[in-house]
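The values are calculated or read from the model by the stated rules, or taken from the named source; none is laboratory data. As the structure is a prediction and not an experimental result, all values here were calculated from the model. Note: ideal-geometry Cβ built from the backbone for every residue, glycine included; neighbour counts use all protein chains shown. What goes into the accessible areas is simple: the full protein's heavy atoms, side chains included, and nothing from ligands, DNA or RNA. Shrake-Rupley method; radii C 1.70, N 1.55, O 1.52, S 1.80 Å.
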Amino acid sequence: MKNLLRSVVLFFLFLFELSAFAQNTTVSIGSWREHTPFIKGINVVEDNKGVIYCASQFGIFSYSKSDGELNTLSRLKELSDLEITTIRFDPVTEVLFIAYENSNIDMIFSDKNVVNIPDIKQKNIVGGKHINSILFLNNNAYLGCEFGIVVVDIKRKEIKDTYYIGPNGTTINVNSVAYDGINLLAATDAGIFKANFNDPNIFNYNAWNKDTSLSEPNANYTSATSLNGKFYVVKTNLTAGLDSLLYNENNTWQPFINESSENAHIDSYNNNLIYRTKNKISAYDLSGNELRNVDIYRYTNPDIRNGFLDAAGNFWIADFNNGLVWQKPDGTIQMTSPNGPRSEAVWAIAGSKGRLWVASGALTGDSPLYNVKNGVSQFAENTWNTFDCSNDSIYGILCSSGTKSVINVAIDPSDPDHAFVGAWGPHGGILEYRKEGGVNLFNTSNSSLRAHAADPTSIIVGGLAFDDDENLWAVAGGNTNGISVMKKDRTWQNFIIPEIAVAGFGLYGLTIDDFGQKWFIARSGGSAGQGLCVFKEASLDNPNNASFARLKDSDGNGALPHIFVRAIAKDKDGSIWIGTDKGVAVIYNPGNVFTGGNYDAQKIIIQQDGYNQYLLETEIVSSIAIDGANRKWFGTYSGGIFLMSADGTKQILNFNKDNSPLPSNSIIGIAIDDLTGEVFIGTDKGIISYRSDATEGGEQCSNYYVFPNPIKHEYHGPIAIRGLVANADVKIADVAGNVVYHTKANGGEAIWNGNNFNGERARTGIYIVYITNEDGTQTCTTKMLFAN
């Protein structure tokens with residue numbers, strides 16, 4: 001009988017696997033996934049097995065020369081930190097050595113074992129402690145650091161020694177370390193220093209002598225290497241702003257090649273010298289003959305950071321705009337990198353129906369950063385697409401005119417592949433996107449948008465939102481007609497802002513409430529908050545007789561916790577939640593703004609450590625998102641992200657960079673995928689997402705299913721029932737009708753831990769899920785196969 005039951009279960013497992021295959025397209029509940037811009041290559045190396053490792057700013061990927069396989073290394077898996085500054089591979093110990101921006105160190109050995117050495121990161125050093133370079137020598141790694149030289153014993157996996165080589169043992173910025181078989185050389189900001197490698201007192205600063213034979217002994221020497229017993233160094237001429245390459249022969253320094261350029265760097269690889277300048281990277285032999293080069297005219301949008309020539313004649317390059325680039329011996333160019341956004345930059349983020357749209361920013365105060373050119377990105381079906389200066393003609397209009405600051409985004413409620421993006425600055429406006437890329441740019445010539453009164457070339461669109469009738473509203477400050485609408489028939493109308501002072505402000509963060517009132521933030525400058533504005537038009541076609549109010553921090557006039565408002569959001573009860581420089585407040589009755597009733601914001605009282613206090617009152621609240629269960633996700637400028645209950649009184653989660661994979665505590669924006677409950681968190685160091693346990697509920701069951709299904713015996717994670725009516729009553733029963741679990745859905749999703757009412761693991765079998773809405777008018781059922 002037991003064998004028969006097992007056979008039946010295995011058969012149903014097979015059937016359920018087939019039906020659930022298409023549903024397994026996202027991460028499991030409580031799990032994270034990174035969205036790494038692997039394309040931002042900064043360094044490239046090769047191991048002993050023909051695998052190329054390309055370091056990007058926020059992760060590493062490998063490329064197998066034999067079969068073209070791509071694999072990634074990230075902080076969610078192998079790496080212990082985030083911002084990478086340099087990597088190096090030692091063919092002797094077969095270790096991939098990784099240095100991070102915060103001076104943390106990882107060593108990945110051939111057996112895939114990862115060893116973290118946080119000593120420099122944790123050490124209290126006056127001044128900087130950045131790791132600039134890595135040299136392997138006798139099973140040790142010699143690190144050129146901002147304070148001196150650190151020696152890491154690779155076999156013992158520990159710090160072996162530290163050399164402070166500045167005058168009288170002071171710190172000095174060591175840019176690079178090289179060894180010629182006799183001497184160890186340090187290229188520093190204040191000259192070249194040497195010491196005999198076999199000197200037993202090499203750790204003492206007295207063993208190190210400045211090389212005064214150089215024509216400029218106190219100059220800044222930015223990189224160094226050695227080959228065939230000769231030293232090569234790059235010297236920066238601070239007056240001319242150019243670098244030159246020198247080499248030492250018979251104790252005499254002389255130019256290696258007659259070429260000066262910006263951003264020069266010297267290295268050695270496969271018995272060749274690798275010399276990089278602003279315009280190209282070249283491989284030289286010891287006689288100064290250029291064997292190969294790849295210049296910036298060989299391919300589109302180059303930004304060469306590092307490279308080498310392999311034994312087969314392939315030139316491998318880490319490129320900050322194109323990821324891993326290689327030039328074959330015949331001169332053809334190829335590029336590759338794992339899929340991801342093209343940049344970590346994010347200023348605004350919005351999600352709808354399985355789609356995420358990102359506007360990369362950015363602003364400093366109210367001024368656009370014109371050198372920002374990271375474009376607009378969409379994440380759909382687990383794939384990132386970025387539209388920027390290199391591949392999108394509409395965004396290209398901004399690039400050619402100087403404006404690249406896209407700072408807000410609104411998604412068409414009827415088509416999640418259709419979005420509008422607000423651009424801030426000269427010749428800005430509203431960009432219209434389809435999934436293939438940009439299709440329109442709306443500005444003063446083809447819409448009701450108006451330019452800034454002080455700069456007729458500048459349009460500063462700070463907020464976008466759709467109303468319930470699918471009209472697109474925009475706020476563009478700096479003029480009296482700062483509010484515009486593109487009606488569903490694509491005709492335009494603008495409206496006058498009655499308060500003259502507000503007409504001169506920057507306007508941001510548009511939100512539309514259940515009464516059709518438009519809420520937006522006013523600021524004058526980067527740190528001068530001007531409160532929260534509310535606007536209600538008389539009709540779409542009438543620019544006059546509109547109602548307008550500006551809420552401030554005084555009682556009877558908004559009672560905001562702080563005049564500097566950072567974020568606003570409407571929850572599922574119609575309340576307006578407000579994030580300020582001093583925490584959170586909520587307006588429960590927004591309809592009172594123009595009826596004479598009380599509309600002052602209320603601060604939420606929470607209890608912590610036995611004391612009452614106001615919600616997040618010590619935090620700058622930068623972003624707010626509402627999930628399917630009406631819970632509130634608050635992003636802060638320095639404290640990470642908080643998930644609070646629907647009424648804001650109970651903390652459910654707090655993620656920061658110390659207790660989670662969150663890359664930074666500075667949160668820029670939050671968007672929630674209403675289909676899956678995945679929370680996308682934009683930080684100043686990129687985007688990461690977390691799969692929460694709440695989705696958007698509907699008025700009836702639609703495409704509901706259990707995930708995972710079947711539940712295999714080795715799985716002990718949360719089991720989600722998705723696609724439910726909002727806040728449904730959920731019962732789980734065996735085929736005999738015995739209820740083993742009862743819960744209420746978070747929005748459109750309910751969670752079961754696999755245990756019965758007694759806390760015991762449920763028995764193997766088929767279970768039926770009974771779903772009912774709050775008033776009992778909607779019911780549905782589904783099945784799951786559970787294996788214990």
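Brief remarks on what is shown
- Test: residue in the range 607-620 that is hydrophobic (A, V, I, L, M, F, W, C) and either loosely packed, with under 15 Cβ neighbours inside 10 Å or part of a strand (DSSP E or B) (or both): no
- If you filter the range 517-558 down to residues that are in contact with an Asp or Glu (Cβ under 7 Å, 6 or more places away or on another chain) and among the aromatic types (Phe, Trp, Tyr), you find that the one that is least open to solvent (accessible area, probe 1.4 Å) is TRP519.
- Counted residues, the range 677-689 - those being open to solvent by 20 Å² or more (accessible area, probe 1.4 Å) and either more than 8 Å from the chain's Cα centre (by Cα) or basic (Lys, Arg) (or both): 1
- When ALA224 is tested against (1) among the hydrophobic types (A, V, I, L, M, F, W, C); (2) farther than 26 Å from PHE147 by Cα; (3) at pLDDT 95 or above, exactly one condition is not met: (2).
- Checked against the criterion of being open to solvent by less than 10 Å² (accessible area, probe 1.4 Å) and modelled with pLDDT of 90 or more, the range 775-783 contains not a single residue that satisfies it.
- Some residue of the range 161-176 being out of contact with any Pro (no Cβ under 6 Å at 6 or more places or on another chain), in a loop (DSSP other than H, G, I, E, B), open to solvent by 40 Å² or more (accessible area, probe 1.4 Å) and not hydroxyl-bearing (Ser, Thr, Tyr): no
- Among residues of the range 277-289, those that are surrounded by fewer than 22 Cβ atoms within 10 Å (Cβ to Cβ) and either outside any strand (DSSP E or B) or of a type in the set (Ser, Thr, Tyr) (or both), counted: 8
- Close Cβ contacts (under 9 Å, 6 or more residues apart or on different chains) running from residues in the range 751-768 that are under 16 Å from LYS731 (Cα atoms) to residues that are charged (D, E, K, R) and open to solvent by 40 Å² or more (accessible area, probe 1.4 Å) comprise ILE751/ASP693; GLY754/ARG761; ASN755/ARG761; ASN756/ARG763; ILE766/LYS783; TYR767/LYS783; ILE768/LYS731; ILE768/LYS783.
- For ASN654, the conditions (1) open to solvent by less than 30 Å² (accessible area, probe 1.4 Å); (2) not in a loop (DSSP other than H, G, I, E, B); (3) not aromatic (Phe, Trp, Tyr) are fulfilled apart from (1).
- Close pairs (8 angstrom Cβ cut-off, 6 or more residues apart or separate chains): of a type in the set (Lys, Arg) in the range 631-646, part of a loop (DSSP other than H, G, I, E, B) anywhere: ARG631/SER645; ARG631/ALA646; ARG631/ALA694; LYS632/ASP571; LYS632/SER645; LYS632/ALA646; LYS632/GLY648
- In the set (1) at pLDDT 95 or above; (2) under 30 Å from GLU83 (Cα atoms), the condition left unmet by ARG631 is number (2).
- Search result, residues across the range 299-357 that are polar (S, T, N, Q), closer than 22 Å to PRO416 by Cα and assigned to a strand (DSSP E or B): SER352
- Within the span defined as the range 589-602, every residue fails to be β-branched (Val, Ile, Thr), outside any loop (DSSP other than H, G, I, E, B) and open to solvent by less than 60 Å² (accessible area, probe 1.4 Å).
- Residue tally, condition over 39 Å from the mean Cα position of the chain (by Cα), open to solvent by less than 40 Å² (accessible area, probe 1.4 Å) and among the polar types (S, T, N, Q), over the range 723-755: 0
- Only one of the numbered conditions (1) open to solvent by 40 Å² or more (accessible area, probe 1.4 Å); (2) closer than 27 Å to GLU344 by Cα; (3) modelled with pLDDT under 95; (4) touching a strand residue (DSSP E or B) at 6+ places or on another chain (Cβ under 9 Å) is not met by LEU15, and that is (2).
- Only one of the listed residues (PHE203, PHE193, PHE231) is touching a strand residue (DSSP E or B) at 6+ places or on another chain (Cβ under 8 Å), hydrophobic (A, V, I, L, M, F, W, C), buried (at least 16 other Cβ atoms within 10 Å of the Cβ) and not in a strand (DSSP E or B). That residue is PHE203.
- Residue in the range 292-302 that is within 23 Å of GLY144 (Cα to Cα) and in contact (Cβ under 8 Å) with a residue 12 or more places away in the chain present: no
- From GLY558, GLY526, GLY531, residue being in a loop (DSSP other than H, G, I, E, B) and either closer than 19 Å to VAL593 by Cα or at pLDDT 95 or above (or both): GLY558
- Total residues in the range 308-350 satisfying the condition of being open to solvent by 50 Å² or more (accessible area, probe 1.4 Å), touching a residue at least 40 places away in the same chain (Cβ under 8 Å) and within 23 Å of ASN48 (Cα to Cα): the figure is 1.
- Leading residue by the ranking (most open to solvent (accessible area, probe 1.4 Å)) among those in the range 64-101 that are in contact with a Ser or Thr (Cβ under 6 Å, 6 or more places away or on another chain) and charged (D, E, K, R): GLU101
- All positions within the range 481-508 that are touching a residue at least 60 places away in the same chain (Cβ under 8 Å) and open to solvent by 30 Å² or more (accessible area, probe 1.4 Å): ASN481
- Residue satisfying condition, being surrounded by 21 or more Cβ atoms within 10 Å (Cβ to Cβ) and either on the phi < 0 side of the Ramachandran plot or in contact with a Pro (Cβ under 6 Å, 6 or more places away or on another chain) (or both), within set PRO426, PRO416, PRO456: PRO416
- The range 430-440: number of residues that are open to solvent by less than 20 Å² (accessible area, probe 1.4 Å) and hydrophobic (A, V, I, L, M, F, W, C): 2
- Every residue from the range 247-276 that is part of a strand (DSSP E or B) and under 20 Å from ASN132 (Cα atoms): HIS265, ILE266, ASP267, SER268, TYR269, LEU273, ILE274, TYR275, ARG276
- Residues that are within 15 Å of PHE97 (Cβ to Cβ) and either among the acidic types (Asp, Glu) or open to solvent by less than 20 Å² (accessible area, probe 1.4 Å) (or both), drawn from the range 43-53: ASN43, VAL44, VAL45, GLU46, ASP47
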